[in-house]
1. Rounded to the nearest 20 debye, what is the charge dipole size of the range 149-269 about its Cα centre when +1 sits on each Lys and Arg Cβ and -1 on each Asp and Glu Cβ?
2. Taking R0 as 45 Å, what's the FRET efficiency between Ile170 and Asn541 from their Cβ-Cβ distance, rounded to 0.05?
3. Order the following by accessible area, largest value first: Ile26, Ile254, Ile214. Probe radius 1.4 Å; ligands, DNA and RNA are ignored.
4. Return the subset of Lys443/Lys617; Lys398/Lys609; Lys567/Lys617; Lys447/Lys617 for which the Cα-Cα distance in this structure is over 23 Å, preserving the input order.
5. Any chance you could look up the accessible area of Glu632 with a 1.4 Å probe, heavy atoms only, rounded to 10 Å²?
6. Please get the size of the charge dipole for the range 424-468, origin at its Cα centre, with Cβ charges of +1 on Lys and Arg and -1 on Asp and Glu, quoted in debye to the nearest 20.
7. Please compute the alpha carbon radius of gyration of the range 326-428, then divide it by the globular-protein estimate 2.2 N^0.38 Å. Two decimals is fine.
8. If we sort 200-209, 592-601 on the protection proxy, mean other Cβ atoms within 10 Å, highest first, what's the order?
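The values are calculated or read from the model by the stated rules, or taken from the named source; none is laboratory data. Since this is a predicted model, take the numbers as computed values, not measurements. Here the Cβ is made from the backbone with ideal geometry for all residues, glycine too, and neighbour counts use every protein chain on show. Ligands, DNA and RNA are stripped out before the accessible areas are found, and what is left, the full protein with its side chains, is counted by its heavy atoms. Shrake-Rupley method; radii C 1.70, N 1.55, O 1.52, S 1.80 Å.
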Amino acid sequence: FFSIPSSPCYKTQYSLQSTMRHEDIIAFKERDREYLRSRRQGGGTVGGGYYSHGGDGSGGGVESARIPAEDNDDSSYNFPRSTISSSPQSQMMDGGIRVTYGTEFQNDGHFALEESKKDEKNNVDDDGVNEEEPILLTQSTHSLIFTEPICSAPFLFGLVVAAMSYACLILAMLHNMSYGEPGNSLNVPAQVTTPVRGAQYLSLVIGLLMEEEISTGVYMLRMIPRKSLKNKFPKMRFWRFTFSALIRIAMGYIFLSNMFVVVVQATGVIDIFYDVLALQFVQQLDDICFSLARMDVFGKRMRTAATQKCFRVEFERYPFSASRRKGIFLKTLYFFNIIGLLSGMAIINMKQNRGDYYCNSISVTFGNEIWEDAIILTPEGKIENSVLVFSYFDGVYKKSGEMHNRRPVYVEQNKFDGTPFNTTIPAEIKYCESEQAWVFMHKNIRKSRKKDDGDCPWILSSMETTEFSLLEVPETWRIWTGTINPHARLSTVCNECNNLADCNYHGDCTGGECICEVGTGYFGTHCEHKQPCPVLVGDWNDTWYLTFIDEANFFVSYDRPVYTYLKGLNVSVEDQDILTLLYAGSRWFGMVFEDGKIRDQSYWLQYGKEFHAFWEKAYSELTVIVSDTTSESDPVATDFYIIGERGKQYGPYGEVSIWTINTNLICFRFLGSIFSIFLRKFQIQLWVSVADNFHVCNRMKSKILYYCCFSFHFPITPAHERTNRKWFLSMRR
């Protein structure tokens with residue numbers, strides 16, 4: 001055995017400090033004799049010749065002497081040794097024997113061997129590990145798989161421990177992957193802080209260094225070939241030895257995969273290191289169980305298996321060239337592992353910075369707060385006051401291309417089909433670093449007639465937060481209504497779907513978008529709204545019909561259908577004007593559009609895409625009807641009010657008088673556009689007088705009449721069904 005000094009100051013000197021085996025001594029002396037013969041052919045001291053003790057330097061000599069046991073530090077040095085020296089005169093000191101190549105002697109009674117650079121390279125393998133380092137079987141329960149007979153208790157114990165480790169790692173992987181969704185199967189957070197990002201890269205490197213199963217499995221296959229195992233233990237099967245090593249390697253890669261997933265999912269520095277250490281503990285279960293077996297924790301049979309002689313037997317080494325090739329393979333494997341982990345992390349970080357993991361489209365719902373004296377900058381550059389109903393800004397907001405403070409900027413979309421405005425200036429929701437909060441703002445709405453301080457003139461602001469995703473921000477916000485009110489609410493929901501449940505089972509989720517099923521009548525971003533009533537009849541015998549764009553599509557405002565007034569209401573409307581019932585965020589408004597009847601379809605399509613309840617001043621002198629707040633799909637069963645006098649003394653909605661008392665709105669569901677033509681042609685007026693809280697719903701199928709639904713509260717009985725069926729059949733005739 002050789003002890004290699006670590007300091008480079010020792011050059012290439014080696015000292016023999018332990019007992020050498022007899023065959024090693026013979027080989028050592030034979031090598032020296034061969035080297036001596038080759039050097040003698042050159043002769044002389046100039047050519048590197050060797051001088052014998054008392055010689056003249058023309059050749060070389062060998063000195064032999066026996067070291068008395070009492071004169072040596074180690075009593076095992078009691079065999080004859082030779083000394084070969086290139087010095088002019090070889091002298092024995094302390095009774096020791098020395099072999100040196102052109103250097104001075106050591107006077108400590110040990111072998112002093114200084115080798116050439118070539119010999120050093122041959123004696124040190126490609127990994128920089130001394131050739132004399134023993135090669136032993138790993139002390140692990142994985143080794144019991146090939147050291148013990150099949151079906152024996154230790155063999156089964158090794159398989160059970162391996163199965164437990166695999167089960168823990170696989171369960172952890174399944175749990176971590178269960179939160180994934182299309183487009184983000186690893187459940188990567190939208191963004192992380194800089195300290196977390198640094199910890200992610202460090203933990204990947206540390207975890208790879210801590211992982212020992214892959215390196216151990218490859219090392220065993222590299223250093224113990226079939227022939228070596230058969231020579232030492234003829235009864236051991238090499239395929240079981242290989243199987244054990246492959247179990248290690250596969251477990252190592254499952255560990256690395258788990259580690260990568262928990263690292264990319266983490267949002268805290270401490271969480272990262274806790275999770276990596278937990279996975280490392282699971283991976284070391286085989287070593288822990290083997291140590292416990294050696295301590296007789298699992299019984300005598302397990303202790304005997306864990307303390308067998310085979311775990312102390314040294315294996316012979318490969319020749320240098322073969323060892324070098326396998327060493328290169330191990331280094332290459334480590335290189336690809338670290339490159340793969342770091343490259344995967346870099347790709348995920350690039351996607352985070354690009355905003356790929358943020359929701360692209362969200363629906364925003366404001367509360368019922370009103371700012372009666374909002375300060376508005378008009379397109380002409382003037383400043384004026386207006387009533388701001390915050391629910392006017394309800395609707396779809398989409399992620400713009402820019403990122404602000406590593407977070408997306410959501411821009412308001414039109415209220416007709418959720419596409420960008422062409423001329424209307426939209427509102428924005430973004431993160432403000434100076435406020436440490438998400439804010440809602442509009443460039444033409446101010447809190448003061450003076451210039452607002454800071455770069456975020458917000459009118460709604462979340463509480464201080466560091467959340468990167470707007471969807472994770474609490475719904476309680478601060479709102480400006482002349483003063484700060486800290487109890488406002490703003491809710492958000494992502495419009496992208498992942499499964500049928502996100503489409504309320506009324507449509508298919510295709511490409512992250514809900515496509516509502518044809519024939520069901522459901523519509524909306526998540527197919528959440530029922531088929532709208534084609535005809536509405538109110539308490540004053542007023543009739544409203546659904547406004548169609550064509551035979552299949554109807555006008556929509558704020559994700560609700562638009563109705564057009566026909567007749568019956570005690571409201572005067574000019575012949576060329578149109579009175580419509582449309583939704584504006586939280587209420588239904590009856591608005592008069594001047595010269596509406598003389599406008600063509602292209603005008604209304606363009607107007608619908610640019611319509612905004614606030615900028616169009618929905619609640620103005622042209623609004624004659626207003627409803628209670630509601631979030632239903634249509635105005636059925638909603639109380640409406642006639643607007644009378646206006647003024648601050650009456651509040652933001654003016655003087656109102658109730659229009660429908662008992663919510664006796666009747667909804668007739670016919671075949672959409674067919675009934676609209678039918679209604680216009682024959683001017684049918686339907687009135688049903690029923691007591692409060694009655695409900696009748698009958699279905700009838702015919703070419704024109706599909707079914708009729710009365711919005712009362714009355715139980716269906718066979719008598720009612722027969723009566724209504726006869727009435728509708730007679731009406732059809």
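1. Computed charge dipole of the range 149-269: roughly 940 debye.
2. Computed FRET efficiency for Ile170 and Asn541 comes out at 0.05.
3. Ile26, Ile254, Ile214
4. Correct reply: Lys567/Lys617.
5. 110
6. Its charge dipole is roughly 440 debye.
7. 1.84
8. Numbers: 200-209: 18.2, 592-601: 13.1.
Ranking the peptides 200-209, 592-601 by packing returns 200-209, 592-601.
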